[in-house]
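Asker: Take this structure, written in structure tokens, and hold onto it; I'll ask about it next.
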Amino acid sequence: MNDGNASARVIQDLRARATGAEPGTRLPSVRELTARHQASPVTVAGAIRHLVAEGLVETRSGRGTFVADRPPARRTPDLSWQTVALGPRPAGETEMQALLALPPAGAIPLSGGYLDADLQPTAALGAALARAARQPASWQRGPVEGRADLRDWFARESGAGLRADDLVICPGGQAALASALRALGTPGDTLLVESPTYLGALAAARAAGLRVVPVPADTDGVRPDQLAAAFARTGARLFYCQPLFANPSGATLAAHRRAEVLSVVRAAGAFLIEDDYARDLVIDGEEPPPLAAADPDGHVVYLRSLTKSAAPGLRIAAIGARGPAGARLRSARLLDDFFVAGPLQQATLEFVTAPAWGRHRRTLRAALRSRREALLAALARHLPALVPPVIPRGGLHLWVRLPDGTDDVAVTAAAATAGVVVFPGRPWYAAEPPAPHLRLTYAAAPPDLMDEAVQRLSRAFG
């Protein structure tokens, strides 16, 4: 007797009887199946166990084998109601997801807002965080506005424009910016921005219900005459600005425009949100002081983050302003998330007040210069028309003008197919872009890959 064939016959017989039968229907006994299929009782019992495991039959002690109760058919969830309940999708969400997406395997990244892993001071940060985590006091609840000594460090970095009591510690620059826009504006208010401007600012403003109005900028930063005209036309009371190595253009507000911009803001009775994200990303020369250092009357809301210049996981920033505006910011941050984790604050303070911070900044300056020069050299060899006429003295990006009529989004897609990740210029504009651009990041790939990256990019124009 072939037990394998006999077992298959028993299973086939029982499955045929059970399929379509009412639950609880009695099936042939072991004795009947043994005789019918000339199988041993052991073989029949094994076949029954197989169908029990499938949920098709069940055994009842002393009574025999029966068709099992069938679970009710699983209903496909109907989530369509959420479309009505949620309403329109927030503007800018898709672009932000694309900006933060990790590059696919094998692709060379010329896009991204953070340092390559090789440039991050992970050893020093890890050691500082390990020491902070071993101290029980760091796990306790601290001041909701953040550690006083860490706020004092940020205050000194603002160029004496602010005091520690004016500042609040935040979990990263994006969180600080989002809180500031909600605290200082109300839905329907107008926010003036440089054009082009940081994509995250556009997304945060739209999420806060603000109307975003662009102000023309050039290689010397925002144009004061156009800023004054925008204030006059819109009645805006908020202006978001990156005076140092603006993202994406790399422009720095020229010395001859700084006082005039502050004068325009004062005349409008407005706030200038100064996003000083690139303070530690200087490559050539020395950085000018923050605008906050020249603002005694509380028009400048100062934002400084360490994430871009250290590591994505160091979600530490500070934001502040003089007077009632500072109190509004502190209240907004309290409502958002109470306070920033104590061990992260303590580790940050230890890192930025230790010699490791100065060493990291010097090493980073040299490394960014090497990568920037490698990218420029590769562009000069393979795509000379894309070499920007003015080279930014710091930051992480090159803002390259494409030939008129070029579809920057299509070029970006073709570049991805060729194995290099770039970002189109269109999303960085609050209105119609005046010309097509690409943002090329030199901080995300090592110098020895820049030539290959640009060669791949050149195929996107073929």
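The values are calculated or read from the model by the stated rules, or taken from the named source; none is laboratory data. Quantities reported herein were computed from a predicted structural model and do not represent experimental measurements. Methodologically, a virtual Cβ is constructed for each residue, glycine included, from the backbone with ideal geometry; neighbour enumeration extends over all protein chains shown. Keep in mind that these areas ignore ligands, DNA and RNA; they rest on the heavy atoms of the full protein, side chains included. Shrake-Rupley method; radii C 1.70, N 1.55, O 1.52, S 1.80 Å.
Asker: Mind checking the per residue accessible area of the stretch 97-160 for me, 1.4 Å probe, whole number of Å²?
Answerer: Here the per-residue accessible area is 57 Å².
Asker: Share of the stretch 308-462's accessible area from carbon and sulfur, percent, 1.4 Å?
Answerer: The nonpolar share, carbon plus sulfur, comes to 59 percent.
Asker: Roughly what would the spin-label model give for residue 377 and residue 53, points 7 Å off Cα along C-beta, in nm?
Answerer: The answer from the label model is 6.4 nm.
Asker: May I ask you to order 113-120, 197-204, 390-397 by the average number of other C-beta atoms within 10 Å around their residues, highest value first? Intermediate values should be presented prior to the final figure.
Answerer: Details: 113-120: 17.2, 197-204: 23.9, 390-397: 21.1.
By packing density, highest mean first, the sequence is 197-204, 390-397, 113-120.
Asker: Could you tell me the calculated FRET efficiency between residue 448 and residue 254, based on Cβ-Cβ distance and R0 = 35 angstrom, to the nearest 0.05?
Answerer: Here the calculated transfer efficiency is 0.50.
Asker: How many Å² of accessible area per residue for the stretch 302-364, probe 1.4 Å?
Answerer: Spelled out: the 1.4 Å probe surface of the stretch 302-364, per residue, equals 39 Å².
Asker: Also, I was wondering about something else. If you put +1 on each Lys and Arg Cβ and -1 on each Asp and Glu Cβ, how big is the dipole of the stretch 19-150 around its Cα centre, in Debye rounded to 20?
Answerer: Magnitude of the dipole: close to 860 debye.
Asker: What order, most packed first, do the peptides 418-428, 282-292, 400-410, 451-461 have when packing is the mean number of other Cβ atoms within 10 Å of each residue?
Answerer: Answer by packing, highest mean first, reads 418-428, 451-461, 282-292, 400-410.
Asker: What part of the accessible area of the stretch 90-225, given as a whole %, is carbon or sulfur when the probe is 1.4 angstrom?
Answerer: Summing carbon and sulfur atoms, their accessible area is 56 percent of the total for the stretch 90-225.
Asker: If r is the Cβ-Cβ distance from residue 366 to residue 387 and R0 is 25 Å, what FRET efficiency results, to the nearest 0.05?
Answerer: Numbers: r = 22 Å, r/R0 = 0.88.
Working from the Cβ atoms, E equals 0.70.
Asker: Roughly how many debye, to the nearest 20, is the charge dipole of the stretch 245-293 about its Cα centre, given +1 on each Lys and Arg Cβ, -1 on each Asp and Glu Cβ, and no other charges?
Answerer: For the stretch 245-293, the charge dipole is close to 280 debye.
Asker: Over the stretch 398-440, average the accessible area per residue using a 1.4 Å probe and give it in Å², no decimals.
Answerer: That works out to 39 Å² for each residue.
Asker: By how many nm would the segment from residue 70 to residue 148 lengthen if fully extended, with 0.36 nm per residue of separation less the alpha-carbon distance?
Answerer: Length gained, residue 70 through residue 148: 21.6 nm.
Asker: What number in nm² do you get for the stretch 62-174 if you take the convex hull of its Cα atoms and divide its surface by four?
Answerer: Across all orientations, the stretch 62-174 yields a mean hull projection of 19.4 nm².
Asker: Now for a separate question. What Rg and what Dmax come out for the stretch 132-176 when only alpha-carbon atoms are used, in angstroms?
Answerer: Cα-based Rg and Dmax for the stretch 132-176 come out at 11.9, 35 Å.
Asker: Can I ask one more? Which whole number in µm²/s is D for the stretch 175-289 by Stokes-Einstein, with the Kirkwood Rh taken over Cα pairs at 10 °C and 1.306 mPa s?
Answerer: Values: Rh = 14.2 Å.
Here the translational diffusion coefficient equals 112 µm²/s.
Asker: Could you give the C-alpha radius of gyration of the stretch 281-362 expressed as a fraction of 2.2 N^0.38 Å, taking N as the number of residues it contains?
Answerer: Expressed relative to 2.2 N^0.38 Å, the Cα Rg reads 1.27.
Asker: With no solvent and one equal point scatterer placed on each C-alpha of the stretch 312-462, evaluate the Debye formula and give log10 I(q)/I(0) for q = 0.08, 0.12, 0.14 Å⁻¹, two decimals.
Answerer: Scattering profile of the stretch 312-462, log10 relative to I(0): -0.37, -0.73, -0.86.
Asker: Tell me, how many Å apart are the Cα centres for the stretch 118-196 and for the stretch 421-462?
Answerer: The stretch 118-196 and the stretch 421-462 have Cα centres spaced 31 Å from each other.
Asker: So, in nm, how far is label residue 186 from label residue 79 when the simple model puts each one 7 Å beyond its Cα toward the Cβ?
Answerer: So the two model labels end up 3.6 nm from each other.
Asker: So, one more: Quick one: if you stick a label point 7 Å off each Cα along the C-beta vector at residue 218 and residue 266, how many nm between them?
Answerer: 2.5
Asker: Over all directions, average the projected area of the Cα convex hull of the chain and note it in nm².
Answerer: On the way: hull surface 134.1 nm².
For the chain, averaging the hull's shadow over all directions gives 33.5 nm².
Asker: When the dipole is taken about the Cα centre of the chain, and only Lys, Arg (+1) and Asp, Glu (-1) are charged at their Cβ, what size is it in debye, to the nearest 20? Present the calculation step by step, with values, prior to reporting the outcome.
Answerer: Numbers: 51 positive and 44 negative charges, 273 e Å.
Rounded to the nearest 20 debye, it is 1320 debye.
Asker: Please give the FRET efficiency for residue 225 paired with residue 86, using the beta carbon to beta carbon distance and R0 = 30 Å, rounded to the nearest 0.05.
Answerer: On the way: r = 42 Å, r/R0 = 1.41.
FRET efficiency, residue 225 to residue 86: 0.10.
Asker: Give, in whole angstrom and from largest to smallest, the semi-axes √(5λ) of the equivalent ellipsoid of the stretch 235-349, with λ running over the eigenvalues of the Cα gyration tensor. It would help to have the intermediate numbers written out before the result.
Answerer: On the way: eigenvalues 122, 87, 23 Å².
Gyration-tensor ellipsoid for the stretch 235-349: 25, 21, 11 Å.
Asker: Using helices alone, what [θ] at 222 nm do you get for the chain, with -39,500 (n - 2.57) per DSSP H run of 4 or more residues, divided over all residues and rounded to the nearest 500?
Answerer: For the chain, the value works out to -13000 deg cm²/dmol.
Asker: Give the peptides 16-23, 361-368 in descending order of average Cβ contacts within 10 Å, highest first.
Answerer: Order by mean packing, descending: 361-368, 16-23.
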